[in-house]
Amino acid sequence: MTSLFEPVEIGKLTLANRVVMAPLTRNRAGEGQVPQRIAAEYYGQRAGVGLIVSEGTQPSAVGQGYLNTPGIFSDEQREGWRAVADAVHERGGRIVVQLMHAGRIGHPDNKPTPDVVAPSAIAAPGTIVTAEGPRDHPTPRALGTDEIADVVGEFVHAARQAVDAGLDGVEIHAANGYLVHQFLAPSSNTRTDGYGGTPANRARFAIEVVTAVAEAIGPERVGIRISPSHNIQGALEEDAAATGETYRTLVDGIAPLHIAYLSYLADPRSELIRDLRARFGGPVIANDGFGTVTSRESAQAVLDEDLADLVAVGRPVLANPDLVERWRHGAPLNEPDAGTFYGGGARGYTDYPALDA
Ligand SMILES: Cc1cc2nc3c(=O)[nH]c(=O)nc-3n(C[C@H](O)[C@H](O)[C@H](O)COP(=O)(O)O)c2cc1C
């Protein structure tokens, strides 16, 4: 049986172990949405996992959803990421940046442009945090058919910036109700052009983004994260047959590219996820979602049952810079403090102690 602590190859990388730091938004970017020195310290501390996936990072100004999330489209942002990549590499780790275009999950007050775009002009339910407090999600502007290639181009530009910065690759965020997922889900996509109306059409945007990014930086540097039927942020996928068809189309569309990995936030034991893994044919990263915090036992069980090749771990890595060592030795864990997840400074960010401290 495969152990969490065994090396694994993805793309052209050999990872030291199968624990992946899950993408975690921390809202601590500086002016111009530039990652700060403290971000390099934070990620460097966590370099002992096999692979770090960065916090969701906007590929363009329009793509920003939340306050103080980093971008990777400007020169200043790219240089901020270079410091992060260097800090992780100096400690023997690997890191890819998660490219997250938030689409309709956003607010004009949270970003340098008032434009909020989505597949269709349908507001997400509920509110979003702004500097002035929670506000209703705005009704987004539906992207014109002729604009879609430009948005794909934003992902390509961001991916090139990531490689320039010395990062090991990118993860396309197609999960959790953000732009790519908004295309996949029928509740947020009522388009009547080639990007909506049928399961296959709803998968088109995701396939185009992955294909274009893989062509630009090499497939071995590209991963994708999906969350079928996560039913979050109003991106609802409640018809199992249609959802299955959409995601099978997506995975069949990208499998021939031989990208580095497919990551999912979903029940790893579900029939659809097992089928998608078989169709994909390459390395798969599992995370069973927010419901329960990932534990060493639940992570190892996923490998024991051969449901995935690696396991993405969120809150335990956030709170334990040396999680892999702690898990290896069965040592006690720091508890994550949800009050310092989103925004602030060093507290709850770089001050979680390592075991030897
Ligand atoms: C503070 C916080 C921020 C998150 N930010 C992101 C994100 O930027 N991108 C993403 O795909 N998932 C994000 N997630 C989801 C995590 O990657 C992960 O799937 C989730 O925390 C469940 O795993 P865990 O039980 O190991 O924490 C976030 C979760 C938390 C708790």
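The values are calculated or read from the model by the stated rules, or taken from the named source; none is laboratory data. Nothing here was measured: the structure is a model prediction, and the numbers come from that model. Cβ atoms come from the backbone with ideal geometry, glycine included; neighbour counts cover every protein chain shown.
Say we look at the range 31-40 and pick out the residues that are assigned to a loop (DSSP other than H, G, I, E, B) and within 8 Å of PRO70 (Cα to Cα); which of these is nearest to the ligand (Cβ to nearest atom)?
PRO35
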Out of the range 221-242, which residues are more than 30 Å from VAL129 (Cα to Cα), more than 16 Å from the ligand (Cβ to nearest atom) and surrounded by 17 or more Cβ atoms within 10 Å (Cβ to Cβ)?
-> ARG221
Filter result for the condition that a residue is within 13 Å of the ligand (Cβ to nearest atom), over 14 Å from VAL19 (Cα atoms), buried (at least 16 other Cβ atoms within 10 Å of the Cβ) and modelled with pLDDT of 95 or more, over GLY348, GLY253, GLY344 | GLY348
Restricting the search to the range 41-62, which residues are outside any loop (DSSP other than H, G, I, E, B), more than 16 Å from the chain's Cα centre (by Cα) and among the β-branched types (Val, Ile, Thr)?
-> none
Heads up, the strands (runs of 3 or more DSSP E) in the range 63-145 (entirely inside) with at least 1 residues that are more than 16 Å from the ligand (Cβ to nearest atom), modelled with pLDDT of 95 or more and over 23 Å from TYR42 (Cβ atoms) are 127-130, 133-136
Can you run down the residue pairs with Cβ atoms below 6 Å, 6 or more apart or on separate chains, where the first is in the range 303-317 and within 20 Å of ARG46 (Cα to Cα) and the partner is part of a helix (DSSP H, G or I) and within 15 Å of the ligand (Cβ to nearest atom)?
-> VAL311/ALA299; VAL311/VAL302; PRO316/LEU323; VAL317/LEU323
From the list GLN64, GLN36, GLN45, which residue is farther than 30 Å from PRO134 by Cβ and polar (S, T, N, Q)?
-> GLN45
Please identify the pairs in which a residue from the range 26-55 that is closer than 25 Å to LYS111 by Cα has its Cβ atom under 8 Å from the Cβ atom of a residue that is more than 13 Å from the ligand (Cβ to nearest atom) and of a type in the set (Asp, Glu), counting only partners at least 6 apart or on another chain.
-> GLY32/GLU76; VAL34/GLU76; VAL34/GLU79; ALA40/ASP86
Sole miss for LEU272 among (1) more than 23 Å from VAL213 (Cα to Cα); (2) more than 13 Å from the ligand (Cβ to nearest atom); (3) crowded, with 21+ Cβ neighbours inside 10 Å; (4) of a type in the set (A, V, I, L, M) is condition (3)
Collect the residues in the range 284-319 that are more than 10 Å from the ligand (Cβ to nearest atom), over 16 Å from the mean Cα position of the chain (by Cα) and closer than 16 Å to VAL53 by Cβ, keeping them in residue-number order.
-> ALA308, ASP309
Taking the range 19-30 and the residues there that are part of a loop (DSSP other than H, G, I, E, B) and within 16 Å of the ligand (Cβ to nearest atom), the one that is surrounded by the fewest Cβ atoms within 10 Å (Cβ to Cβ) would be ASN27
Among the residues of the range 320-341, is any under 26 Å from ILE232 (Cβ atoms), more than 15 Å from the ligand (Cβ to nearest atom) and modelled with pLDDT of 95 or more?
-> no
